[in-house]
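The values are calculated or read from the model by the stated rules, or taken from the named source; none is laboratory data. Please read all numbers here as calculations on a predicted model, not as lab measurements. All Cβ positions, even for glycine, are placed from backbone atoms using ideal geometry, and neighbour counts span all protein chains on display. Note: accessible area is taken over every heavy atom of the protein model, side chains too, but ligands, DNA and RNA are not part of it. Shrake-Rupley method; radii C 1.70, N 1.55, O 1.52, S 1.80 Å.
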Amino acid sequence: MNLSFIAKKKLKYYGLIIIGGLVILAFTMSFIKYYEDTSSEYDEEVKKLIRSELIALQVQYSFKKQVQEWKNILLRGNDPANYLKYHQQFIDEFERTQNYAQALIDQFDKTNKITELASDFQKTHRSILADYQQALLVYEQTGFDANAADKEVKGIDREPEELLSEISIYVQSDITYRLKTIESEVFAFKTTLALVFIALQGVLCLGLIRLTKRLLNVNLHDKITGLGNRELFVNSIADFHKNRQDFTVGILDIDEFKIINETCGNSGGDIYLKEIGSLVQNHLPKDAVICRISADVIGFIYLQSEATNKSLKQLKTAVSQYEFHYQDLTTSLTCCIAIYEVNEGDTVEHTSVLNGLYASLLEAKSLGRNRLVSYDEEDSFIVGRQKLMRMVSHVADSLNQKSIVLFRQAISPFDTASQSTYYEVLMRVKHNGEFHSPFPYLQAAEKFHLINKIDQYVLRETILYLNKHPEDKAHYSINLSGQTLSDERFPIYIRELFENSQFPLSHLGFEITETDIIRNFSIALNNINFLKSYGCKISLDDFGTGMSSFGYIAQLNIDTVKIDGTFIRNIANVDHNKAIVKSIVSLAQELSLSTVAEFVETEAEMKQLEALNIEYCQGYLIHKPELFYEPQD
């Protein structure tokens, strides 16, 4: 069985945790068992002592009862019935005293003094029985003369009584001694257990402290460079701000870092980052917080000072002059540094700081790399970048909350005999009950590579709408971005959607732009052919705006060209617009492509387009976009 690296690591650490847990459990169970067994032994010992004391008292009581029964015989024995009664009670007490004495003997070891005294008492007590029997004969022969009978046994109880007194003293002494011994042993046992428990807790605490330090280091530091990680960086910004200090936050981004990875591999890239991290540490104050916050970006925070700000220029120079040697390769790269100065009293959050830093970094990249840029809230370029970056989260929220709704605008044929209805699928963003233009969202999504998610969302929801409304026989055309068109995985996503569709797929069409195709022509062409294999129509949108339109149109397996609105506006009055449209229509007719004029807004434009043999028109004059589907959670 081949295990992955992660699986092996998990098995190792989980195995150690399980073994450690089992050891602790076994130790705890043994500890509890030992404590219970020892406690039971002490309890039994105490019970035995109490039982010994009780038996000693029972021997004394029974012997006294025996003496009392003898007196009852002498006082009331002249009546035959009473004589037999008290005589039997006397014998019973005698036997009971013997049994209690034997029980006392059994309680102690043979070497114990109490055992010796109890045995002597038992023998002495048994020997006086004959004397009592002789005294009873005298009692009967003398006509129940109590004095004569009592004279026969006078003084014979003294020795047993003395033995019993001595036994009582020894029993009390032994019990006292044994109880003190038990108390001492219990105290020593509990003390030992407490010390062992404290020692064990100490070991566990030390283990936990070491584990906590290790986890803290793992959770807050980058494994490759040893620098802090993004979490530490973000929280440190908040900490510096809480301390009401003037501080500077900065990020250093390696220009074209992929060159290192491509020439030296990932291992070489890791070594390079570690060495750049050391350069950063050498040029910043010792108390600066330095973290690796993404693949090739190092963040830093330090208290503001002129000296440190100057050292950033030296750091930028040091990075550009640093020659990285790996195996037989030597490479040098530059970096861009962006800084954001936060003064005491500024009310900023770490998200705003990071947003400003990344916007400044993009400006530095646009200026030609190897730049040091300071955030300026009045810089229009940076402000624009920030707006786009903030819009990214709105895009994600809109997709998750399904606040992007679907509108449609009719594409009407000039031939009124046409039986088909065509719509272009548009989108709006619903917020607080109002519909807003999607342009800022699309701009941000395009810039930060989220546009494919919007494309998938619109396509998925359109298909869902058509599945729910089989009565709608119209044809719907959906816009596809360059990122989606150049995605090799796009057919996989489409295939799953199409297989679950419940309407003719020929009712779906897609609109693409020339610039999107040029990005990756071969992949785009494969995706176009894939869509057409399901019967979908393909329209080339914004035709005529690109310099290569006429060169590419012959190579594409498209069905329609949509003439860009810049050529449609004022076509009745601008001759060169009319000439361009006329040439496009001629080309389309030669290639058997249908034509659509976009942004038609006046009757004069309509008449001119009809005269030029345009087949379809689209614009506010014909149909204003209307809501047709609001996706539901």
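Brief remarks on what is shown
- Selected residue (criterion: modelled with the lowest pLDDT) from residues of the range 380-402 that are open to solvent by less than 70 Å² (accessible area, probe 1.4 Å) and among the small types (Gly, Ala, Ser): Gly384
- Matching residues, the range 134-150, being part of a helix (DSSP H, G or I), exposed (fewer than 12 other Cβ atoms within 10 Å of the Cβ) and of a type outside the set (A, V, I, L, M): Gln141, Asn147
- Flag if Ile259 is closer than 28 Å to Asn235 by Cβ and in a helix (DSSP H, G or I): no
- Scanning the range 289-315 for residues being without any contact (Cβ under 8 Å) to a residue 60 or more places away in the chain and in a helix (DSSP H, G or I) gives a total of 6.
Condition check ((1) without any contact (Cβ under 8 Å) to a residue 24 or more places away in the chain; (2) outside any helix (DSSP H, G or I); (3) among the charged types (D, E, K, R)) across all residues:
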residue	(1), (2), (3)
Glu446	no, no, yes
Tyr457	no, no, no
Phe510	no, yes, no
Leu525	no, no, no
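- The set of residues from the range 134-168 being within 19 Å of Ser62 (Cα to Cα) and not charged (D, E, K, R) comprises Val153, Gly155, Ile156, Pro160, Leu163, Leu164, Ser165, Ile167, Ser168.
- Residue match in the range 163-176 (condition: in contact (Cβ under 8 Å) with a residue 40 or more places away in the chain, within 27 Å of Glu116 (Cβ to Cβ) and exposed (fewer than 15 other Cβ atoms within 10 Å of the Cβ)): yes
- Only one entry in Asp109, Asp120 is among the acidic types (Asp, Glu), under 29 Å from Val46 (Cα atoms) and assigned to a helix (DSSP H, G or I), namely Asp120.
- Selection count, the range 403-431, where residues are modelled with pLDDT of 90 or more and out of contact with any helix residue (DSSP H, G or I) (no Cβ under 8 Å at 6 or more places or on another chain): 14
- Checking each residue in the range 603-633 for being open to solvent by less than 60 Å² (accessible area, probe 1.4 Å) and over 30 Å from Leu464 (Cα atoms) picks out Ala604, Glu605, Met606, Gln608, Leu609, Leu612, Ile614.
- Yes/no for Ser236 being assigned to a helix (DSSP H, G or I), open to solvent by less than 80 Å² (accessible area, probe 1.4 Å), among the polar types (S, T, N, Q) and in contact (Cβ under 8 Å) with a residue 12 or more places away in the chain: yes
- Leading residue by the ranking (farthest from Glu349 (Cα to Cα)) among those in the range 243-287 that are among the small types (Gly, Ala, Ser) and open to solvent by less than 20 Å² (accessible area, probe 1.4 Å): Gly268
- Residue among Thr421, Thr484, Thr462 that is more than 25 Å from Ala524 (Cα to Cα), in contact (Cβ under 8 Å) with a residue 12 or more places away in the chain and of a type outside the set (Lys, Arg): Thr421
- Residue tally, condition acidic (Asp, Glu) and open to solvent by less than 60 Å² (accessible area, probe 1.4 Å), over the range 293-336: 1
- Residue match in the range 176-197 (condition: in a helix (DSSP H, G or I), over 26 Å from Ile55 (Cβ atoms), touching a helix residue (DSSP H, G or I) at 6+ places or on another chain (Cβ under 7 Å) and at pLDDT below 85): yes
- Phe567 being surrounded by 15 or more Cβ atoms within 10 Å (Cβ to Cβ) and assigned to a loop (DSSP other than H, G, I, E, B): no
- The residues of the range 570-602 that are open to solvent by 40 Å² or more (accessible area, probe 1.4 Å) and among the acidic types (Asp, Glu), listed by number, are Asp575, Glu590, Glu601.
- The residues listed here are Gln321, Gln314, Gln304, Gln245; of these, the one that is modelled with pLDDT of 90 or more, of a type in the set (S, T, N, Q), within 30 Å of Ser352 (Cβ to Cβ) and over 32 Å from the mean Cα position of the chain (by Cα) is Gln314.
- Thr484 fulfils the conditions (1) part of a helix (DSSP H, G or I); (2) open to solvent by 20 Å² or more (accessible area, probe 1.4 Å) except for a single criterion, (2).
- Residue within the range 171-192 that is under 30 Å from Leu84 (Cα atoms) and of a type outside the set (Lys, Arg) present: no
- Residues of the range 322-367 that are assigned to a loop (DSSP other than H, G, I, E, B) and of a type in the set (Phe, Trp, Tyr): Tyr322 alone.
- Residue identified as under 60 Å from the mean Cα position of the chain (by Cα), at pLDDT below 85 and open to solvent by less than 40 Å² (accessible area, probe 1.4 Å) among Ser30, Ser52, Ser39: Ser39
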